[in-house]
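Below is one structure, written out as structure tokens; comments come after it.
Computed from the coordinates by the stated procedures, all read-outs in this text should not be read as laboratory data. Keep in mind the model is a prediction, meaning the values are calculated, not measured. Reconstructed Cβ throughout: ideal geometry from the backbone, glycine too, with neighbour counts over all protein chains shown.
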Amino acid sequence: MNKTTSLEGFERQPLISAENLTVDIAAGKTNIVRIVDNISFNIGVGERVALVGESGSGKSLTARALMRLDKMARLSGRVDFDGTDLLSLSEREMSRKRGSSIAMVFQDPMSFLNPLMTIGDQVAETLRLRGVGKAEARKRALAVLDELGVDRAAERLNSYPHEFSGGMRQRVVLAMALVGEPKLLIADEPTTALDVRVQDQVLDLLDDVSTRRGLAVLFITHDLGVVAGFAERVMVMYSGRIIEDGDVSDVFAEPQHPYSQGLIKAVPRIDQELSTLFAIPGAPPLPSARPDGCPFHPRCDQRFDRCYKELPQLHVHNNHGAACHLVDGKRG
Ligand SMILES: Nc1ncnc2c1ncn2[C@@H]1O[C@H](COP(=O)(O)OP(=O)(O)O)[C@@H](O)[C@H]1O
Ligand SMILES: [Mg+2]
């Protein structure tokens with residue numbers, strides 16, 4: 001795969017690059033299930049990348065692996081961040097990277113917030129844990145809440161999470177993630193629980209912050225509809241593998257993998273009758289029961305002999321890659 005990604009003619013500096021990242025999880029006493037299977041990708045400095053796929057495809061575990069959040073998961077491969085392999089750091093070194101290099105926001109802000117702590121204290125906490133003094137931490141918490149459009153931020157430092165609306169809570173969680181000035185923000189379905197109007201506001205906010213700070217964002221969603229306006233690049237995940245990776249405009253205009261084609265066809269359009277909505281037939285395989293060959297072949301309307309036997313690899317050409325035997329062009 002190419003080391004850098006191009007955007008409007010210039011090459012971005014790579015910020016994070018995963019090479020052959022694999023996540024295995026113990027299921028029961030003896031079984032080990034491979035949830036994320038040997039994926040490689042790069043995210044450039046300040047780049048906005050979407051990771052898309054149906055529920056259960058391994059998106060969250062991929063993100064959590066980059067931050068080494070799951071103690072039970074067995075990780076292999078490499079994750080280079082700014083020249084360091086995160087997978088080889090001690091737990092202590094890794095904990096210093098969390099928040100200051102990579103930070104993450106999740107779908108459900110309420111489960112992440114402490115109902116008994118003021119907003120101000122929660123946003124400042126990341127800094128306090130790093131030895132920043134109380135007054136300074138509070139000042140920076142205020143600045144970041146301001147930056148994220150929380151009005152009357154100074155007053156609201158003393159509020160509690162239940163006094164905030166859903167959209168405002170998502171801003172607070174974002175503030176907690178951003179106060180440590182990370183270079184990469186991972187946003188795992190941050191808008192899924194919100195109504196459409198608030199969803200758009202959060203996306204606009206992420207867009208602003210990313211541009212202003214030169215912050216790279218890995219935006220995770222099952223909803224391809226939200227990708228086009230926000231991300232520059234999209235990676236499509238299926239059954240623990242990245243099966244397509246390219247600039248958003250290329251992938252939307254010319255999706256190469258039949259799965260991506262199906263996802264795009266399934267995005268509802270405003271002018272569309274409900275009865276004509278398309279859905280990819282069938283369901284993804286369980287990680288413990290992947291079929292031989294291409295994991296998508298049982299659902300694929302373009303499959304042929306080779307798809308039953310051989311796992312397709314991701315081939316990148318002109319910054320656009322797909323793991324599909326059709327794209328190889330070598331049938332049989
Ligand atoms: N802690 C865990 N133990 C065992 N299996 C898990 C665990 N977390 C996730 N899985 C399984 O891994 C697969 C991928 O999960 P996940 O990364 O959460 O998918 P996504 O975020 O794309 O919906 C699912 O089949 C899920 O059931
Ligand atoms: Mg998930």
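Observations on the structure shown:
- The alpha-carbon positions of the chain define a convex hull whose volume is 154 Å³ per residue.
- Trypsin sites (Lys or Arg not before Pro) restricted to DSSP loop in the stretch 248-332 with at most 15 other C-beta within 10 Å: ARG269, LYS330, ARG331
- Estimated inter-spin distance, ASP207 and THR30, nm [label 7 Å along Cα→Cβ]: 5.5
- Based on C-alpha pairs under 8 angstrom that are at least 6 apart in sequence, the chain has a relative contact order of 20 percent.
- As a calculated quantity, the FRET efficiency between GLU91 and VAL196 at R0 = 51 Å, using C-beta atoms, amounts to about 0.80.
- Test item: Cα-centred dipole of the stretch 212-273, Lys/Arg +1 and Asp/Glu -1 on Cβ, debye: 280
- Comparing LEU142, LEU21, LEU116 in a Gaussian network model of the chain where C-alpha atoms under 10 Å apart are linked, the largest mean-square fluctuation is found at LEU116.
- Links that overshoot a 27 Å alpha carbon limit, given the list LYS29/LYS309; LYS71/LYS265; LYS29/LYS71; LYS29/LYS97; LYS134/LYS183; LYS71/LYS309: LYS29/LYS309; LYS71/LYS265; LYS29/LYS97; LYS71/LYS309
- With the convex hull drawn around the C-alpha atoms of the stretch 195-332, the volume per residue stands at 137 Å³.
- Crossing angle, helix 166-178 versus the chain [Cα axis fit, 0-90 degrees, rounded to tens]: 90
- Counting charges near ALA124 (Lys, Arg +1; Asp, Glu -1) among other residues having Cβ under 12 Å from its Cβ returns a value of +3.
- The protection proxy used here, the mean number of other Cβ atoms lying within 10 Å of each residue, ranks peptides 229-235, 71-77, 27-33 as follows, highest first: 229-235, 71-77, 27-33.
- Working from Cα pairs under 8 Å separated by at least six residues, relative contact order for the stretch 203-326 is 24 percent.
- Counting every C-alpha pair in the stretch 112-181, the share spaced more than 18 angstrom apart comes to 24%.
- Here the Gaussian network model covers the chain, with springs between Cα atoms less than 10 Å apart; of SER210, SER60, SER159, SER159 fluctuates the most.
- Nearest-0.05 FRET efficiency for ARG152 and ALA283, computed from C-beta distance (R0 45 Å): 0.45
- Computed from point charges on the beta carbon alone (+1 for Lys and Arg, -1 for Asp and Glu), the dipole magnitude for the chain about its Cα centre is near 1060 Debye.
- Contact order relative to length of the stretch 240-293, as percent, for alpha carbon pairs under 8 angstrom and 6 or more apart: 26
- The stretch 112-181, dipole about Cα centre (Lys/Arg Cβ +1, Asp/Glu Cβ -1), debye to the nearest 20: 140
- Net length gained if the chain between GLU310 and LYS265 were fully extended (0.36 nm per residue, minus Cα distance): 13.6 nm
- Extreme residue, positive dipole direction of the stretch 112-181, given options GLY131, VAL172, LEU145 (C-beta unit charges): GLY131
- Alpha carbon centroid spacing (whole Å) that separates the stretch 154-216 from the stretch 7-68: 22
- Most positive-pole-ward Cα, PRO291, ALA65, ALA187, against dipole of the chain from beta carbon charges: ALA65
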